[in-house]
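**Student:** I have a structure I would like to understand better, so I am pasting it below and will then ask my questions one at a time.
The values are calculated or read from the model by the stated rules, or taken from the named source; none is laboratory data. A quick note: this is a predicted structure, and the numbers were derived from the prediction, not measured. No Cβ is skipped: glycine too gets one built from the backbone with ideal geometry, and neighbour counts run over all protein chains shown.
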Amino acid sequence: MTKPGKNEPMLARKDARAAEKGARTAQREAKHASKAAEVAAKASRQYGAAPAVVNPTPAEPPTRRTGKPRLRPAVAALPAYVPGARGDGRPMWKLSSNENPNPPLTGLLAALSDQLAEVNRYPDMYATELTEALAGRLGVAREQVVTGNGSVAVLAHVLTALVQEGDEVIYPWRSFEAYPIAVGSSGAASVRVPLTADGRHDLGALAAAVTPQTKVVILCSPNNPTGPSLTEEELREFLAAVPSDVAVVLDEAYREYVDEAKAVDGVDLLPAFPNLLLLRTFSKAYGLAGLRVGYAVGAPKLVAGIRACSTAFGTNTLAQHAALAVLKREDEVRERVAATVAERQRVLAGVRAQGWDVPAADGNFFWLATGEATGRLVADAADAGLLLRGFAGEGVRITIGETDANDAVIEFLGDWRR
Ligand SMILES: Cc1ncc(COP(=O)(O)O)c(C=O)c1O
């Protein structure tokens, strides 16, 4: 038993003050929490967003000090993203990044300049108007659409929402080089399934690669860089074969360029497969690569989770207004896409007649499996004024560009074979 001492009244006063302070803090926190809950509930009513965690559990204290910040091992092991070559100052045709070569669509520059005076303000956090416009265009509910800073960013948010260390993400390989980076950053393990000899997804092998650890399978149709798209029948079969708790992410960045009648349009399969998530972008057919707008479409619950993990205000003001402006120019977009598809057919006919073996090309690019000769071909192309995307030891991807650029490609490839 402690003896009452002369300091007792002072200690009691101190205790009372501490208790008062504690009560005030608790009151403030409760107010904070109820405000946060209100905001989360409102977002949930409007967009189906997952409620925010108001009082997250504090992180475990580190058990061991290392003297300097250390990257997670998964991050240190990430491959570098190799962007399409940008040229060295010589006049060149840039056919290395699958960009849209057309000038801005009608009304785009005006829509952008209208917004320039507003850039001191944050964008609409939920890109409400754009989300609604996309939902209307695709015939889905607005709770099924979430936008982001390019579809690559949306993919990162998808993975944040669905996977953690110890999980596996399967994807075909070779495919889009952002996949290994996105999966590696998420902490999950990459499981790569080789393409077939004609550059297609090996769907049987992809389905067979699913294990209890598999959380996500990424598919790319048309496949970057090889070109072929998936058929609806193939995808239906695949989705029926994989467990329904595995999310299947179908990257349709080049969907607008597909003129193959049997090719899948992911939107048609969404009602039957709630584990299907689509990724789409304004970077290709809509010509907004520099503004960064992409989106995911899927079941409301999945989309709410992705939204909860998304970068706050990630779709910037100019991007939102630009995307809305180009959505109003669908006829012009279709005309331009048709012109690119016609050019693709012309180039493919030309180079196939020269003896090149070109796999099906359903996007705005085509693939030549040049193997060990790839480096030499890419260097020779640069000397001929053509920037191409080489994959060392594998092949070269060539974007369908301006008519003159395409003429130069046909001429170069014809000369190179001789
Ligand atoms: C298959 C694929 N998905 C996504 C993207 C990138 O889209 P975004 O510009 O919307 O990030 C690309 C770009 O090259 C791509 O090839």
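**Student:** Return yes or no: is residue 118 closer than 21 Å to residue 334 by Cα, in contact (Cβ under 8 Å) with a residue 40 or more places away in the chain and in a loop (DSSP other than H, G, I, E, B)?
**Tutor:** On the way: closer than 21 Å to residue 334 by Cα: no; in contact (Cβ under 8 Å) with a residue 40 or more places away in the chain: yes; in a loop (DSSP other than H, G, I, E, B): yes.
Answer is no for this residue.
**Student:** So for the stretch 332-353 (the condition being polar (S, T, N, Q), touching a strand residue (DSSP E or B) at 6+ places or on another chain (Cβ under 9 Å) and within 18 Å of residue 102 (Cα to Cα)), does at least one residue qualify?
**Tutor:** Initially, the stretch 332-353 is screened for residues polar (S, T, N, Q), giving 340, 345.
The next check asks that each one be touching a strand residue (DSSP E or B) at 6+ places or on another chain (Cβ under 9 Å); those that pass are none.
Looking for residues that are polar (S, T, N, Q), touching a strand residue (DSSP E or B) at 6+ places or on another chain (Cβ under 9 Å) and within 18 Å of residue 102 (Cα to Cα), one finds none in the stretch 332-353, hence no.
**Student:** What about residue 302, is it in contact (Cβ under 8 Å) with a residue 12 or more places away in the chain and either more than 16 Å from the ligand (Cβ to nearest atom) or under 25 Å from residue 96 (Cβ atoms) (or both)? I'd like the intermediate steps shown before the answer.
**Tutor:** On the way: in contact (Cβ under 8 Å) with a residue 12 or more places away in the chain: yes; either more than 16 Å from the ligand (Cβ to nearest atom) or under 25 Å from residue 96 (Cβ atoms) (or both): yes.
Considered against the rule, which asks whether it is in contact (Cβ under 8 Å) with a residue 12 or more places away in the chain and either more than 16 Å from the ligand (Cβ to nearest atom) or under 25 Å from residue 96 (Cβ atoms) (or both), residue 302 comes out as yes.
Yes or no, residue by residue, for (1) more than 20 Å from the chain's Cα centre (by Cα); (2) of a type in the set (D, E, K, R); (3) not assigned by TED's automatic domain parsing to the domain that holds residue 392:
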residue: 65; (1), (2), (3): yes, yes, yes
residue: 76; (1), (2), (3): yes, no, yes
residue: 79; (1), (2), (3): no, no, yes
residue: 84; (1), (2), (3): no, no, yes
residue: 88; (1), (2), (3): yes, yes, yes
residue: 102; (1), (2), (3): yes, no, yes
residue: 126; (1), (2), (3): no, no, yes
residue: 139; (1), (2), (3): yes, no, yes
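**Student:** Ok, one more. Please count how many residues of the stretch 151-182 are within 9 Å of the ligand (Cβ to nearest atom) and either over 26 Å from residue 200 (Cβ atoms) or assigned to a helix (DSSP H, G or I) (or both). Talk me through it step by step, then tell me what you get.
**Tutor:** Filtering the stretch 151-182 down to residues within 9 Å of the ligand (Cβ to nearest atom) leaves 151-155, 175-179.
From the residues that got through so far, the ones that are either over 26 Å from residue 200 (Cβ atoms) or assigned to a helix (DSSP H, G or I) (or both) too are 151-155, 178-179.
So the count comes out to 7.
**Student:** Give the stretch 281-297 a look and list any residue that's touching a strand residue (DSSP E or B) at 6+ places or on another chain (Cβ under 6 Å), more than 7 Å from the ligand (Cβ to nearest atom) and not β-branched (Val, Ile, Thr), or say none.
**Tutor:** Initial filter on the stretch 281-297 (touching a strand residue (DSSP E or B) at 6+ places or on another chain (Cβ under 6 Å)): 281, 294-297.
Among the residues that remain, those that are also more than 7 Å from the ligand (Cβ to nearest atom) are: 295-297.
Passing the criteria: 295, 296.
**Student:** Residues that are crowded, with 24+ Cβ neighbours inside 10 Å, at least 1 per element: which strands (runs of 3 or more DSSP E) completely within the stretch 186-283 meet that?
**Tutor:** 214-220, 247-251, 276-281
**Student:** Cβ-Cβ below 6 Å, separation at least six or inter-chain, first residue in the stretch 228-256 and under 21 Å from residue 197 (Cβ atoms) and within 16 Å of the ligand (Cβ to nearest atom), second at pLDDT below 95 and small (Gly, Ala, Ser): which pairs?
**Tutor:** Short answer, once both residue conditions are applied: 229/263.
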